[in-house]
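Some notes on the structure that comes next.
The values are calculated or read from the model by the stated rules, or taken from the named source; none is laboratory data. Keep in mind the model is a prediction, meaning the values are calculated, not measured. Note that we place each Cβ from the backbone using ideal geometry, even for glycine, and neighbour counts take in every protein chain shown.
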Amino acid sequence: MNTNTTSSPKTNSFRAIVIGGTGATGRCLINQLLNNDNCRKVTSIGRRSVINDENHDKLIDIIVDSLYDLSSTKDNWTDHDVFFNCIGTTRQRAGGAKEFVDIEFGISNEAAKMAYKAKIPHASLISAKGANHKIWATNWIHPLLYMKTMGKKEQTIISNYAFNTVSVFKPGMLIRFPENKNFFEKLAESNGSGLQVNLLASTMIRDAENVLLKSDKGSKRFYIGNESIKDL
C-alpha cells in the first residue's frame with residue numbers, strides 16, 4: 001500500500017489525535033499534550049469523555065457508541081499530524097480471548113484505517129516487549145495470545161496501513177497508578193524494571209516532536225524495553 005502524502009505541519013507546532021485516551025497512559029498523554037506549547041490541537045475519540053472539570057480550548061472530545069466502526073468520525077480525523085494509539089485492555093476486562101483480540105487488534109486496525117485515509121503522516125502506538133505477529137498462539141495460552149495480538153496490533157501501522165513514519169513503543173511492566181501500586185508494581189519499581197505511564201506518555205510526545213518538528217527522517221522507530229524508552 002502506498003505511503004501517505006500530505007503537506008508538512010507548521011515547523012513550530014503539531015496536531016494530535018488519540019484513541020484510548022481514557023486509559024492510564026492515554027490520560028497522561030492527553031494531559032501532557034494539552035499542556036504542551038508545541039501541540040496546538042488535541043482530538044480524542046472514545047466511548048467516554050476525557051474532559052474533567054476544566055475545559056481546554058484546544059481539546060476536541062468526540063464520544064462514540066462503538067469504536068469498532070469509526071466511519072461516522074471520518075471528518076474528525078482530518079487536519080492532524082500524529083495519530084496516537086493508546087488502546088489497552090486485559091483479557092479479564094475485555095471478557096474473554098476473542099473480545100481481547102477484537103479490542104487490541106480490531107479497534108487498532110479500524111483507527112489506523114481512519115488515520116491513513118485522513119493522510120495523517122505519523123503514527124505512534126503502544127505495544128509490548130516480546131510482541132510478535134508471527135508466533136504460534138492459541139486462545140487458551142494467554143501469554144502467547146497476548147504477544148501475537150500485540151504483534152498484529154503493531155502491523156496495523158506498519159504494513160496494514162503504511163504511514164510516512166511510525167513509532168512503536170514496546171515497554172516491559174508498566175506502573176499505571178503510582179499512588180496505588182500493587183505488589184508487582186512496587187517490586188518492579190524497586191529493581192528499576194517498571195516504567196511509570198506518565199514517563200511513557202512524555203516519551204511518546206518527545207518522539208513525535210522529533211519527527212514532526214525536527215524532521216527526524218527515520219521511517220520506523222522501535223523502542224524495545226523500558227530502558228530504551230527511558231533513554232529517549
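Side notes on the structure shown:
- Hits in region 87-119 - residues which are of a type outside the set (S, T, N, Q) and within 19 Å of F222 (Cα to Cα): I87, G88, E104, F105, A112
- Within region 177-202, the set of residues being surrounded by 16 or more Cβ atoms within 10 Å (Cβ to Cβ) and modelled with pLDDT under 75 comprises K181, E185, A188, E189.
- Some residue of region 97-114 being without any contact (Cβ under 8 Å) to a residue 12 or more places away in the chain and more than 14 Å from the chain's Cα centre (by Cα): yes
- Number of residues in region 147-161 that are in contact with a strand residue (DSSP E or B) (Cβ under 6 Å, 6 or more places away or on another chain) and not aliphatic (A, V, I, L, M): the value is 1.
- Residue count for region 116-132, restricted to those that are over 19 Å from F100 (Cβ atoms) and touching a helix residue (DSSP H, G or I) at 6+ places or on another chain (Cβ under 6 Å): 4
- In region 118-153, of all residues being among the β-branched types (V, I, T) and over 18 Å from G20 (Cα atoms), the one that is nearest to the chain's Cα centre (by Cα) corresponds to I135.
- Sole exception among (1) among the charged types (D, E, K, R); (2) closer than 19 Å to L125 by Cβ; (3) in a loop (DSSP other than H, G, I, E, B) for D69, by number: (2)
- Qualifying positions in region 84-102 - touching a His at 6+ places or on another chain (Cβ under 6 Å) and either outside any helix (DSSP H, G or I) or exposed (fewer than 15 other Cβ atoms within 10 Å of the Cβ) (or both): none
- Only one of I141, I135, I157, I205 that is at pLDDT 90 or above, of a type in the set (A, V, I, L, M), touching a helix residue (DSSP H, G or I) at 6+ places or on another chain (Cβ under 9 Å) and surrounded by fewer than 18 Cβ atoms within 10 Å (Cβ to Cβ): I135
- Any pair with Cβ under 8 angstrom, 6 or more apart, that starts in region 19-46 at a residue that is under 16 Å from F169 (Cβ atoms) and ends at one that is of a type in the set (F, W, Y) and assigned to a loop (DSSP other than H, G, I, E, B): A24/F177
- For G151, the conditions (1) modelled with pLDDT of 95 or more; (2) in a helix (DSSP H, G or I); (3) in contact with a helix residue (DSSP H, G or I) (Cβ under 9 Å, 6 or more places away or on another chain) are fulfilled apart from (3).
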